[in-house]
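Written below as structure tokens is the structure these notes are about.
The values are calculated or read from the model by the stated rules, or taken from the named source; none is laboratory data. Because the structure is predicted, anything quoted here is derived from the model rather than measured. Every residue, glycine among them, receives a Cβ derived from its backbone with ideal geometry; neighbour counts consider all protein chains shown.
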């Protein structure tokens, strides 16, 4: 086997393969398969800490979605020539409809804000209750054990009383 | 053409003047993806060894093309890298990724000790998100990894995060910033993910995830099950991988416990020692230890008059938990409780050598399995120095301490006080448990770790360069 020759040939092919590798934009393309999957959330399996973190995330998602009013900048079009016209027309329609929908959506926004605030308050209250409960449970366990040790000691003393 | 039946047919198909993908499809269709790659490698190796007059590059290109179209460009790259190593053209490369390497910790030490065991056989690259110096590794862990390459992968998404890079901040609504690491992983023969970060998709032919504990449940960008091998550090971790990630991890390697005493630990002082980080959330339970020690002193003043409690461990600056603890100790006015924060490894060794009893309560009053000790390296270190461990009965600690033989396991502070009092009053028990602990600690020592790691990777490398395709 002519090692040097083989080595040069491998390097030659490697150059091409490196180009293929670099030219792929995503990791899924490089892997040649779908890599992301959906995992259902099982809330019952979660520990208190996990649930707490999950509730925090959900609250932040709700908070981001409080305002239901459409945003004009969200209207876009991929068409090269007709796109700008379509976007203008749609934005105009949105403005006109806004005269009718504004008061309804504004009420909805206020309602959403109140709901999220209420959820947040419940979340904070729950956390405080949980921490009090943890402390009380701990103290109770220690006290019970101490009492049982004291009982044992009393029995022991009585047994050996002259 | 040499080789077995299928190898010969593959070699012939690749060697033909115009290699056809459909012919490779026909020959390889019944094999799984990795089996297909193994056969292609064998066929190409045969062709290379026969010196087939210009036919080899054509065959290699055809195989790479076929893999690119059927399994993606990363697999084509893997084949070329594999050929280079299989034909002895260079040393195999290995990359270790850890997103928390800039912070001192047991998990980080695990990964770096792996590299220390493998550095003679591999060209190693350490992938991090914060700049790392070999000098820091030498100071923190006493290892010389100066021959390794260090590559920092910038993460603008975490520029404001200081030292803490938390993958949990990444949701499905965001692009995955850790794919920068995924992309790089395909350029190495072996990729080891030593992070508790399942958001890196492995693209190397040999990929290993070291799981110290499954922190998060499968969710956005979860790829832990895409690694060839998942190594776990304790049976406790394995149990939770099965519960949370719904698969069985593959290889069990206990962490390296590396604190053998310089001299034989014979004469011990009346010291109760705890070695644990001063976690801001208090999960290592140093405050509870102070309570237990004070209670012990109050209730049995005569028996405990010579005894001291030393709490040693690392802490970041401005740690509110540590400040609270200091205040609490000051308020008691008890001079027999000492705090030793961020001490050097020599000072720690000296403490281990002198102390008699070791306390570790991580997991006490805890309902979250992630906050219970996953293994407990410092317990192993204490045992190596003949201390008698009295530890919380949960997590990985159950695998280390055998109650009544090498130490004691407790579920409450009262049990801790009871067992410690017994040890204080019974020097023979202290001595016999200490001896048994020292002997049992060999299960976790560093030579054993080095041996297991080297065996594991040499086996993988053997298959990488010379797969058994029968």
By residue number, the members of segment B:100-125 that are touching a helix residue (DSSP H, G or I) at 6+ places or on another chain (Cβ under 7 Å) and within 16 Å of residue B:192 (Cβ to Cβ) are B:100, B:101, B:109, B:112, B:113, B:114, B:117, B:118, B:124
Would you check if residue A:5 is over 26 Å from the mean Cα position of the chain (by Cα) and either closer than 30 Å to residue A:108 by Cβ or modelled with pLDDT under 85 (or both)? yes
Going residue by residue through segment B:171-180, is there one that turns out to be within 17 Å of the chain's Cα centre (by Cα), within 13 Å of chain A (Cβ to nearest Cβ) and in contact (Cβ under 8 Å) with a residue 40 or more places away in the chain? no
Residue B:104 is checked against (1) free of Cβ contacts under 8 Å to residues at least 12 places away in the same chain; (2) more than 7 Å from chain A (Cβ to nearest Cβ) and fails just one. What number does that condition carry? (1)
Can you find even one residue in segment A:22-31 that is at pLDDT below 85 and out of contact with any helix residue (DSSP H, G or I) (no Cβ under 9 Å at 6 or more places or on another chain)? yes
Taking the conditions exactly as written (touching a residue at least 12 places away in the same chain (Cβ under 8 Å), surrounded by fewer than 20 Cβ atoms within 10 Å (Cβ to Cβ), out of contact with any strand residue (DSSP E or B) (no Cβ under 9 Å at 6 or more places or on another chain) and within 14 Å of another protein chain (Cβ to nearest Cβ)), does residue B:216 satisfy them or not? yes
Selection count, segment B:22-39, where residues are part of a helix (DSSP H, G or I) and more than 13 Å from chain A (Cβ to nearest Cβ): 11
For strands (runs of 3 or more DSSP E) lying entirely in segment B:241-360, having 3 or more residues that are out of contact with any strand residue (DSSP E or B) (no Cβ under 8 Å at 6 or more places or on another chain), free of Cβ contacts under 8 Å to residues at least 60 places away in the same chain and at positive phi picks out none
Selected residue (only one of B:127, B:145, B:115 is more than 13 Å from every other protein chain (Cβ to nearest Cβ), part of a loop (DSSP other than H, G, I, E, B), under 19 Å from the mean Cα position of the chain (by Cα) and more than 30 Å from residue A:56 (Cα to Cα)): B:145
Taking segment A:63-94, which residues are in contact (Cβ under 8 Å) with a residue 12 or more places away in the chain and surrounded by fewer than 11 Cβ atoms within 10 Å (Cβ to Cβ)? A:65
The conditions are (1) away from every other protein chain (no Cβ under 14 Å); (2) closer than 26 Å to residue B:173 by Cβ; (3) touching a helix residue (DSSP H, G or I) at 6+ places or on another chain (Cβ under 8 Å), and residue A:52 fails exactly one of them. Which is it? (1)
On the basis of being modelled with pLDDT of 90 or more and over 24 Å from residue B:295 (Cα atoms), does residue B:350 make the cut? yes
Sole miss for residue B:460 among (1) in a helix (DSSP H, G or I); (2) farther than 30 Å from residue B:86 by Cβ; (3) in contact with a strand residue (DSSP E or B) (Cβ under 7 Å, 6 or more places away or on another chain) is condition (2)
